[in-house]
Amino acid sequence: MSRFFFRKIVPPPSRLLFFAAFFAVLSTAFLPSPDTGPIQRLFGVRAEAADAKTTPAGEYDVVVAGGGIGGMAAAIQAARLGASVLVVEPSDWIGGQATAAGVSTMDDLSRLRSGIYLEFITRIKSSYDERGKSMGTCYWDPRSIAFEPALGQKILYDMVEEIRRNNKKLQNKRNFDIILLSSVEAVRREGKTVTGVTVRNAGGVRDVRCRVLIDATEYGDVLPLTKTVWRSGNSIAPFLDENAMIQDITWVAIIRKYPGGVPPELRPRTPLPGYEEAKRNYESYVTADGTDFKGTYPVQTPVNFISHNAYRGLPDSTTPWDCDGRPENWKYITKSGVNWGNDYPGKTGWNGYTNGYTGLPIAYLEDRNLRAQVEREALVKTLHFIYYMQNELGEDWSVANDEYDHSTLPRAAEGLPDEWKEIARHMPPIPYVRESRRVVGAHTLTSSELLQNSLSYRDGQTSHEFSDAIAIGGYILDLHGADTDGKMEWELGEKADSIRTNRPRGPFQVPLNILIPRDVEGLLAAEKNLSMTRLAAGALRLQPICMMVGQAAGALAALAAQSGLPPDRIPPVRVQRALLEADVVLSLCKYSDVPPEHPFFRAVQISNLYGLLNPLEPPHAPSYNISDLDDPVLAMALIRGADKGIFGVNEMITRKEMVSMLTLARSASRTSKGIVPDVGEKPEQFVSRGVFAEALCSTFGFEKGNTPASSSSFFARPEGHRVTDAVNALTSLGVLELYRPEREFRPARPVTRGEAVEMLMRSMTLAG
C-alpha cells in the first residue's frame, strides 16, 4: 500500500493507534491453546482439540489456508477422497464465521441442503435431539437452524477424527493435520505453479510442499502471496482504488441470561470511551419499551429486548428446558447472539462520513495496521452493547461464560480496562468478516447471472443451469454498507439498483470456474474470495453456501493432486461425480419420477447440467421471494407438484437422441479420443443395450481388444456376440455396474433414458 493511500485513508490522529496496534499484534503473535469451558466439557471438546502440532510434516497433497467453515469442508472432502491435508488456521478455533465468529444462526434460504452441510446440521440436530432441545430458535421462526458455537466446532472435530480413525484402521499413512495459531506467510511457485508454502507459528517457521493450495482465509490473505490478480472492493490489484469500499464487519457476542444475577466479573461499572454515541445507536434498535417483532419486513425498530434476543436466539444446553422460535416462546430464550445494531462502522459511516462512505475502506483488507485498529473498535462497539443491555435495559444478561474461554485475551482486547477483561475473555476469537479479497478468474460471476440461473424452470422458462455447477445456495444480494453506484463494478454491469432488480427468484448454482484463478496453477479459492462481483459475493458469503463451495474446492484439489494435473485441467464432470457420490445436490431441476432415492438420481442431474436429454415435461415452479418462507404462491405450487417435472426415466431413446447426447457428453469429458457414431438411416429407431455399449466405446475411445472382464462380471449371451468385446471393456471400467443385479447384459434389450445417462456419467468421468 502506498504512503499516499495510508495518509488518505488513515487520519493523522489515528496513526499512533496504528503503530500501537501493530506492536501489540507482534507481541501477541503466538497464543497458547484455549482452556475448555463448561459447554466444551459438556460436548466433549478437548483442550488440544485439533491435536495441533508445532510444526507440520514436510509434504501434503493439499494445504488449506484457513480453518473456517469453507476451509474445513474443503479439508474434510479432500481427506475423504484420499488426499493428505494440512489445515493452517490463524485463530485458536476452527469453523470460522459459523463458530469462531459466533454467527451460528444459519442464513439458509435455499431449502436445498445436501453434502457436508447437510451432514453437519444433521449431526447438530441429533445432538440436540438427545438433549430434548430444538435448534429452530432464531430469526423468529421454528424452521430456522441455530446452534451453540462450541457444539458446531465439536461436530467438525468429530468429522475430522472419523477420517483419522479410518485411515489408521486401513493402515494408511495419509495425514489429516490441523495446526492452530498458525499462518501461511509465504507461497512458493515454480513458474506459474504453486509448489508449497511457508508456515509460521509458535514452533517456528517451516516450509511445506503441496500439490494444491486452497485459500480459505477470512480475508483472502493468501491471494497476494501467490502473486495472482485479485479484487478488493470494486478495484483490481495492483491498481487498487483508495476510495474503494467493502462491507461492515461485526464482532459478535454470545450472550446469556443469568437468573441468579450477573456475576460481578461480567458486570462492568464504568462504560468504555465512546459509549454515549453507541448508546444513541442502540436506542434506534432495541429499547426497554420497544415493540414486539410483528412478522413483517423490513423490521420496525426499535424492538423490545425479547424480540431482539429471538432474532439470533440459540439453544441453551446449560438449561433443562426447551424452546423454539415460535412467538410464544421468545420470552423463554436464554442465549442469543449480538449481531444486529453492532455492525462496524455502521450507520455513522467510515470516519463519520455517511455520504457514500458506508462500509470500510479496502485498506482494512490490505493494511494489517488498519485491520488491527478497526477490529479493536468493532470489539469495543459490541462491548458497549453489553453495558447498554445491563444499565439501560436493566437486564440480567451478559456475555456467555460457557462458550469461549480464552486463557489469553483476543488481540483486539489488549489494553482494555481491567473490569472489562473477563468479558473480553469470553468473546469470539475473530470478527464476522463479510467481504474479503476476491480472486480474478477466467470468469467473474455477476448478480445478473445469479438471477438468470435462479429462474431455471420457473414461470415457464427453460433451463439456465450452469453446466459446471458444484453447489446450490440461496440468498438475497445483501450488502452491509458500501452499496452505492460508485462502489460497484460498473464495467460488469453492477449498480446499486441491481440489489433490487437482480434479486434471485429461487435457489441458484455456483459454477466451478469461479474457484480457479486465471493466472496461477495449483491454487483454488474457497470461502468468500471467489471470482465474483461484490453483489454476487453478497449472496454467496453465507455459512451454508461457503461450506458447500468449500466441499467442491476440496474435491477438485484432491482430484488434481492425485492426477498430477493442475485444477483447471480437471474436467468439471469429474468433480461433479465426486460431489454427487458425497450426496451433494447439483441440479435445480426436480422430477417426480426420479426422487433422491432413485438409483439414477445422480446421473439424471448430470443430464440436466449438460443438457444430455430434455425432460418429457420440465417443472413449472413460480419465481418467489427467496426471503419469504411463507410465500403463498410457492406453497400452492408445491401442493400441486409444479416444482417437479417428468424426466421419463423408463422411456426408450432413439438413435438420434443417442448421437446427440454422446456428442455433448464427449465434449464435457474433454477427451480427444474416440469418434461419435453417425445417426444412420433410421434416426428414430430405438437403441439396444448392445448398440449403446459399442457407441460408448467408440465415442470415448475405450479399448475393446483383449480387455478381461472380472470373474464376478456378466457377459454378453451367447459368447462371441459382436458386442462381447465392448461389454468386457465397459465392465472392467465399471460403466455397466447398473446391470450387475441382472447377472447378464442382454444386449438386445432397449436402453432406457435412465440407463443411458447412468452409463454416460460413468463414461464421461473415465474418458482419457
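The values are calculated or read from the model by the stated rules, or taken from the named source; none is laboratory data. Model, not experiment: these values are computed from the prediction. Heads up, the Cβs are rebuilt from the backbone with ideal geometry, glycines too, and the neighbour counts pull from every protein chain shown.
Just one of the listed residues (Val205, Val184) is surrounded by fewer than 16 Cβ atoms within 10 Å (Cβ to Cβ) and in the same structural domain as Ala78 (by TED's automatic domain parsing), namely Val205.
Every residue, every condition in (1) outside any loop (DSSP other than H, G, I, E, B); (2) at positive phi; (3) surrounded by fewer than 21 Cβ atoms within 10 Å (Cβ to Cβ), yes or no:
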{"residue": "Gln300", "(1), (2), (3)": "no, no, yes"}
{"residue": "Gly325", "(1), (2), (3)": "no, no, no"}
{"residue": "Lys331", "(1), (2), (3)": "yes, no, yes"}
{"residue": "Thr358", "(1), (2), (3)": "no, no, no"}
{"residue": "Val374", "(1), (2), (3)": "yes, no, no"}
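When you look at Ile545, is it hydrophobic (A, V, I, L, M, F, W, C) and surrounded by fewer than 24 Cβ atoms within 10 Å (Cβ to Cβ), yes or no? Spelling it out, it is not the case that Ile545 is hydrophobic (A, V, I, L, M, F, W, C) and surrounded by fewer than 24 Cβ atoms within 10 Å (Cβ to Cβ).
Output yes when any residue across segment 485-507 is surrounded by 21 or more Cβ atoms within 10 Å (Cβ to Cβ), modelled with pLDDT under 95, closer than 29 Å to Thr250 by Cβ and of a type in the set (Gly, Ala, Ser), and no when none is. Yes, segment 485-507 contains a residue that is surrounded by 21 or more Cβ atoms within 10 Å (Cβ to Cβ), modelled with pLDDT under 95, closer than 29 Å to Thr250 by Cβ and of a type in the set (Gly, Ala, Ser). Just one residue in the set Thr348, Thr354 is surrounded by fewer than 14 Cβ atoms within 10 Å (Cβ to Cβ), in the same structural domain as Ile386 (by TED's automatic domain parsing), out of contact with any strand residue (DSSP E or B) (no Cβ under 9 Å at 6 or more places or on another chain) and at pLDDT below 95; that residue is Thr354.
If you check Leu445, Leu451 for being without any contact (Cβ under 8 Å) to a residue 60 or more places away in the chain, crowded, with 19+ Cβ neighbours inside 10 Å and within 30 Å of Ile516 (Cα to Cα), only one passes: Leu451. For the residues Ala537, Ala561, Ala557, the requirement of being assigned by TED's automatic domain parsing to the domain that holds Glu494, touching a helix residue (DSSP H, G or I) at 6+ places or on another chain (Cβ under 7 Å), of a type outside the set (S, T, N, Q) and touching a residue at least 40 places away in the same chain (Cβ under 8 Å) singles out Ala557.
Of the numbered conditions (1) closer than 24 Å to Leu738 by Cα; (2) in contact with a Pro (Cβ under 9 Å, 6 or more places away or on another chain); (3) exposed (fewer than 14 other Cβ atoms within 10 Å of the Cβ), Phe647 fails exactly one; give the number of that condition. Going through the list (1) closer than 24 Å to Leu738 by Cα; (2) in contact with a Pro (Cβ under 9 Å, 6 or more places away or on another chain); (3) exposed (fewer than 14 other Cβ atoms within 10 Å of the Cβ), Phe647 breaks only (3). The condition of being surrounded by 20 or more Cβ atoms within 10 Å (Cβ to Cβ), touching a residue at least 60 places away in the same chain (Cβ under 8 Å) and part of a strand (DSSP E or B) holds for only one of Ser436, Ser398, that being Ser398.
Of everything in segment 64-79 that's over 10 Å from the mean Cα position of the chain (by Cα) and either of a type outside the set (S, T, N, Q) or modelled with pLDDT under 95 (or both), which residue is nearest to Glu119 (Cα to Cα)? The extreme case among them is Ile76. The residues of segment 134-191 that are among the basic types (Lys, Arg) and in contact (Cβ under 8 Å) with a residue 24 or more places away in the chain, listed by number, are Arg143, Lys154, Arg174, Arg189.
Only a single item in (1) in a loop (DSSP other than H, G, I, E, B); (2) surrounded by fewer than 24 Cβ atoms within 10 Å (Cβ to Cβ) is not met by Gly481, and it is number (2).
Within the option set Thr291, Thr318, being outside the structural domain of Gly346 (by TED's automatic domain parsing), in contact with a helix residue (DSSP H, G or I) (Cβ under 7 Å, 6 or more places away or on another chain), surrounded by fewer than 19 Cβ atoms within 10 Å (Cβ to Cβ) and hydroxyl-bearing (Ser, Thr, Tyr) holds for one residue only, Thr318. Would you confirm, using the coordinates I've provided, whether Leu118 is assigned to a helix (DSSP H, G or I), crowded, with 21+ Cβ neighbours inside 10 Å and at pLDDT 95 or above? So Leu118 does not fit the description; no. Within segment 442-470, if we keep just the residues that are β-branched (Val, Ile, Thr) and assigned to a loop (DSSP other than H, G, I, E, B), the residue that is modelled with the lowest pLDDT turns out to be Thr462.
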